[in-house]
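Notes for the one structure printed next.
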Amino acid sequence: MRVMSVVGARPQFVKLAPIDRAFKEAGIDHSIVHTGQHYDPMLSDVFFSDLGISAPDHHLGVGSGTHGRQTGAMLAALDAVLENDRPDWVLVYGDTNSTLAAALAAVKMHIPVAHLEAGLRSFNRRMPEEINRVLTDHASDLLLAPTQVGMDHLAEEGLASRAVLVGDVMTDVLYQVRDEVATRPGCVVMDELGLAEGAFSVATIHRPDNTDDPAILNTVLDSLGAVDHPVVLLAHPRLVAKCEAAGIAIDRGSLRSHRPLAYPDLIASVMHARGVITDSGGLQKEAFLLRIPTTTVRPQTEWVETVELGWNVLVEPGPELVAAAQRRRPQDTDAAPYGDGHAAANVVQALEDCVTGI
Ligand code: UD1
């Protein structure tokens, strides 16, 4: 069986790591296409080196742009790669513009498409990711859902016959990296900023709804600065670019900005933090798996289990954010809605079952 993975943005490299490893173990012929959506070494290359991912076989080098330009450039470049390689499956990941472009390019060429992380919904159509994931699910032949909630969404949209519950591959990679960094003393942000164990929060903000309007961006940063303990903002290039364009300084009050971290350093920093404040999807779940209380600066989440179990709170920027970031730890839970760390093996099985028609 020949599988082609198409990835392009930071969270997709994290998901690719356990898949690439499982494919190697199963002897599957796996090729990797990097669209080039993310190109800064700290958003791309470090994930391949730190997580032991095979180097991409093709790099499309599309870079940044408006949604139309970026997605269109990927579509145009993917045609030739797909035509040449004709894999048995194209595997697409998550909900970025790279995901949608690859699904659309492959399905138009009658190449079977499998969507990893299928069935997630925020029901917020202002989010580009919501459009990407709905369209990708409906274009795909095999829907690999991480959670039962995802399976339920797919069933409601008439897609149950194509859906398989495999668990979450981010749990696989997180548990592996957690065990690797557990023996290290401290972490990058404690060392570099002189912070004490469990005395700071780690923050990431990159969603257009939080970054693109300077007034909202300022309110978000003011709220982070008003928290009663140090907050380290791992500043995404989108946020940095928007701050520069609007002439806004990041640091204020408790808030200190820091460059984005490589994945093992991020996980280590979260493990040593008292809380996480974020609008990232993946980080909400990683923090939950590490049992670090999370404050999510969004009106909805796709990872509803983290909220239902009391470990994640959805807030608006302002006093709500500040209060939530200062709250006490919730009651412990041994719930495991994101699988047991063996989702990648289930993905291999699902693809093989589909090929043999079981
Ligand atoms: C993208 C995904 C989002 C994902 C996020 C993870 C889409 C629509 N969005 O958002 O789902 O959560 O990645 O980080 O696919 N930039 C750089 N260097 C880079 C990449 C981007 O400086 O390597 C800057 C550019 O100014 C660019 C901006 O960041 O215009 C936004 O990048 P883009 O890839 O369009 O979206 P993200 O916000 O990264």
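The values are calculated or read from the model by the stated rules, or taken from the named source; none is laboratory data. In this text, all values refer to a predicted model and were calculated from it rather than measured experimentally. Backbone-built Cβ (ideal geometry, glycine too); neighbour counts: all protein chains shown. Surface accessibility is based on the protein's heavy atoms, side chains included, excluding ligands, DNA and RNA. Shrake-Rupley method; radii C 1.70, N 1.55, O 1.52, S 1.80 Å.
Just to confirm a number: summing +1 for Lys and Arg and -1 for Asp and Glu over residues other than Val113 whose beta-carbon lies under 12 angstrom from that of Val113, what do you get? Local net charge: -1.
Cβ-Cβ distance of Asp45 and Glu156, R₀ of 56 Å, FRET efficiency by 1/(1 + (r/R0)^6): the value works out to about 0.90. Most tightly packed first, judged by the mean number of other beta-carbon atoms within 10 Å of their residues, the peptides 116-129, 54-67 read 116-129, 54-67. Between the alpha-carbon centres of the stretch 294-358 and the stretch 50-102 there is a gap of 27 Å. For the stretch 23-152, the per residue solvent-accessible surface stands at 41 Å², with DNA, RNA and ligands left out and a 1.4 Å probe.
Of the solvent-accessible surface of the stretch 218-319, computed with a 1.4 Å probe over protein heavy atoms with every protein chain present, carbon and sulfur atoms account for 53 percent.
Between Pro317, Pro299, Pro264, the GNM of the chain built on Cα springs shorter than 10 angstrom shows Pro299 fluctuating the most.
Assuming charge only on the beta carbon of Lys and Arg (+1) and of Asp and Glu (-1), the dipole of the stretch 207-318 about its Cα centre is about 300 debye to the nearest 20. Computed 3J(HN,Hα) for the stretch 13-25, one whole-Hz value per residue from the Karplus formula 6.51 cos²θ - 1.76 cosθ + 1.60 where θ = phi - 60°, is 5, 4, 6, 5, 4, x, 5, 4, 5, 5, 5, 4, 4, glycine and proline marked x. Per the 1.4 Å probe, what fraction of the accessible area of the stretch 1-160, in percent, lies on carbon and sulfur atoms? After summing per-atom areas, the C and S share lands at 52 percent.
Among beta bridges from DSSP that stay inside the stretch 144-272, the antiparallel ones total about 10%. Under the convention that each Lys and Arg Cβ holds +1 and each Asp and Glu Cβ holds -1, the size of the dipole of the chain around its Cα centre is about 580 debye.
Quick check on the stretch 20-148: take the gyration tensor over C-alpha atoms, sort the square-rooted eigenvalues as a ≥ b ≥ c, and tell me if it's rounded (a/c under 1.5), prolate or oblate. The shape class here is rounded.
With contributions of -39500 (n - 2.57) from each DSSP H run of at least four residues, the per-residue ellipticity at 222 nm computed over the chain stands at -14000 deg cm²/dmol.
Here the label points at Leu193 and Lys108, each 7 Å from Cα along the C-beta direction, are separated by 4.4 nm in the simple model. One chain, two ends: Asp85 and Arg329. Fully extended at 0.36 nm per residue, the span grows by 82.8 nm beyond their Cα-Cα distance. Taking 7 Å steps out from each Cα toward its Cβ at Leu309 and Phe123 produces label points 2.2 nm apart. When you restrict to C-alpha pairs under 8 Å that are six or more residues apart and normalise by the size of the stretch 286-358, the relative contact order lands at 26 percent.
Under the simplified labelling scheme, the Ile131-Asp340 pair shows an inter-label distance of 4.1 nm, with each label point 7 Å from Cα along Cα→Cβ. Ordering of 169-178, 150-159 by packing is 169-178, 150-159, highest average first (other Cβ atoms within 10 Å, averaged per residue).
When each of the peptides 4-10, 302-308 is scored by the mean number of other C-beta atoms lying within 10 Å of its residues, the order from highest to lowest reads 4-10, 302-308.
Couplings 3J(HN,Hα) of the stretch 306-317, computed from phi: 5, 6, 4, 7, x, 9, 9, 10, 8, 9, 8, x Hz, in residue order, whole Hz [Karplus 6.51 cos²θ - 1.76 cosθ + 1.60, θ = phi - 60°; x for Gly and Pro]. Using C-alpha pairs under 8 Å with a sequence gap of at least 6, the mean separation divided by the residue count of the chain gives a relative contact order of 15 percent. Annotation: per residue accessible area for the stretch 208-358 equals 40 Å², rounded to a whole number [probe 1.4 Å, protein chains only]. Can you classify the stretch 272-322 as rounded, prolate or oblate using the Cα gyration tensor, where a ≥ b ≥ c are the square roots of its eigenvalues, rounded means a/c under 1.5, and otherwise it's prolate if a/b beats b/c and oblate if not? The shape class here is oblate. Think of the chain as having a plus end and a minus end, set by charges on the Cβ of Lys, Arg, Asp and Glu; of His115, Leu174, Ile292, Ile292 sits farthest toward the positive end of this dipole. Once a ≥ b ≥ c are taken as the square roots of the eigenvalues of the Cα gyration tensor of the stretch 13-81, is the result rounded (a/c under 1.5), prolate (a/b larger than b/c) or oblate (a/b not larger than b/c)? In terms of gyration-tensor shape, oblate. Summing charges over all other residues whose Cβ lies under 14 Å from the Cβ of Pro319, with Lys and Arg as +1 and Asp and Glu as -1, gives -3.
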